[in-house]
Amino acid sequence: MKHLRVGLVLSGILLIAAAGLVRMPYQGFREPVYVEIPRGASSPAIARQLADAGVIRLPFSFLLVRGLRPKAVIQAGEYVFREPASPWEVYRRLSIGDVHYYELTVREGDNLFDIAASLDRLGVVKGEEFLAAARSPALIRDLAPEAPTLEGYLFPAVYRLNRRTTAQELCRQMTDKFRSVWAGLNAGQPAHPVVTLASLVEKETALAEERPLVASVFRNRLRRGMPLACDPTAIYAALLEGRYRGFLSQSDLLSRHRYNTYQNPGLPPGPIANPGLASLKAALEPAETPYLYFVAKADGSGAHVFSADLENHAQAVARYRRANAKNHQTRPAERISRPAAPGANR
């Protein structure tokens with residue numbers, strides 16, 4: 001009986017010590033440490049990996065938690081540790097899959113160059129590597145065989161990346177997202193001309209209610225054989241040639257580059273940005289209108305005035321210029337930064 005009591009006391013002491021060990025925070029690193037847990041790794045291997053990284057003091061402490069929580073499943077992936085944590089907390093994070101991700105936000109209307117700049121700021125995938133991968137249309141060839149690049153097919157969304165993500169993998173995520181959205185539209189039309197038109201619509205207006213109207217202007221012009229005269233296409237041509245300086249110049253409008261719809265009839269060879277769902281829908285079903293022109297309003301709303309003939313359009317442009325000149329007189333500090341009105345040259 002005496003030996004039993006001693007054994008119980010010792011067991012209790014060991015349990016208390018073990019509880020203290022697994023609950024005691026530890027930090028054996030100065031800078032944030034990243035630990036990649038491979039798929040299928042054994043518990044002893046993970047314990048040693050965490051100890052070597054300074055996340056836990058002893059591998060035994062992690063294995064002890066493992067024994068106390070035998071049904072928990074450790075999730076593979078990359079984890080980041082920035083603060084002291086107990087073996088219990090470390091094990092909890094690994095069992096719930098608190099994997100570290102970087103989030104890349106691709107906005108509606110972003111083009112290849114915008115996405116590359118966002119990646120450079122994020123510091124995971126290099127922008128130049130992304131551009132090299134996105135210039136190959138192989139990932140979308142079956143859906144849009146005439147696509148010159150992946151521009152237009154990198155669907156706007158929030159994407160999760162880790163330090164092992166490659167530019168090719170990222171492009172595949174984006175094009176897979178596009179495929180899913182496109183399939184849901186049941187378009188019944190070839191993808192490339194629709195996506196190309198949608199990209200022009202996306203860049204011309206940020207107002208959802210205007211997108212079918214802008215699409216109708218471009219459709220009506222295409223039917224009449226009129227140049228689309230879309231300012232963003234001239235900007236995109238300048239971007240491709242590395243000569244865009246942040247504003248649209250007369251030389252940009254006169255450029256013979258194949259993407260400039262002031263000088264080339266019809267749609268450009270491919271999209272000039274990555275359109276969202278609303279613009280894709282507008283390109284698939286433009287509004288039924290007689291409009292052939294539009295010009296921005298000068299009230300800062302982002303809205304446009306649509307016209308069916310050149311006379312009314314000229315009047316709308318004159319109103320815009322008068323209002324804009326008045327605004328400049330009352331707010332002279334805006335003269336340099338205010339962009340030209342989309343559609344004012346049409």
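Brief remarks follow.
- Qualifying residue in the stretch 161-177 (condition: of a type outside the set (A, V, I, L, M), farther than 12 Å from A283 by Cβ and touching a His at 6+ places or on another chain (Cβ under 7 Å)): yes
- L228 over 30 Å from D98 (Cα atoms), of a type in the set (A, V, I, L, M, F, W, C) and either under 23 Å from the mean Cα position of the chain (by Cα) or not assigned by TED's automatic domain parsing to the domain that holds D309 (or both): yes
- In the stretch 90-138, the qualifying residues are those that are basic (K, R) and assigned to a helix (DSSP H, G or I), and the one that is farthest from M174 (Cα to Cα) is R92.
- Only one entry of R219, R258 meets the criterion of being in contact with a Pro (Cβ under 6 Å, 6 or more places away or on another chain) and within 26 Å of C171 (Cβ to Cβ), and that entry is R258.
- The lone exception for Q75 - which of (1) surrounded by fewer than 16 Cβ atoms within 10 Å (Cβ to Cβ); (2) outside any loop (DSSP other than H, G, I, E, B) it fails: (2)
- Counted residues, the stretch 45-72 - those being part of a loop (DSSP other than H, G, I, E, B) and either among the charged types (D, E, K, R) or more than 13 Å from V22 (Cβ to Cβ) (or both): 8
- Of the candidates I96, I37, the single residue that is of a type outside the set (D, E, K, R) and surrounded by 13 or more Cβ atoms within 10 Å (Cβ to Cβ) is I37.
- If only residues of the stretch 153-189 that are assigned to a loop (DSSP other than H, G, I, E, B) and of a type in the set (A, V, I, L, M, F, W, C) are counted, the one that is modelled with the lowest pLDDT is A187.
The values are calculated or read from the model by the stated rules, or taken from the named source; none is laboratory data. None of these values were measured; they are calculated from a predicted model. Please note: Cβ atoms are built from the backbone with ideal geometry, for glycine as well, and neighbour counts cover all protein chains shown.
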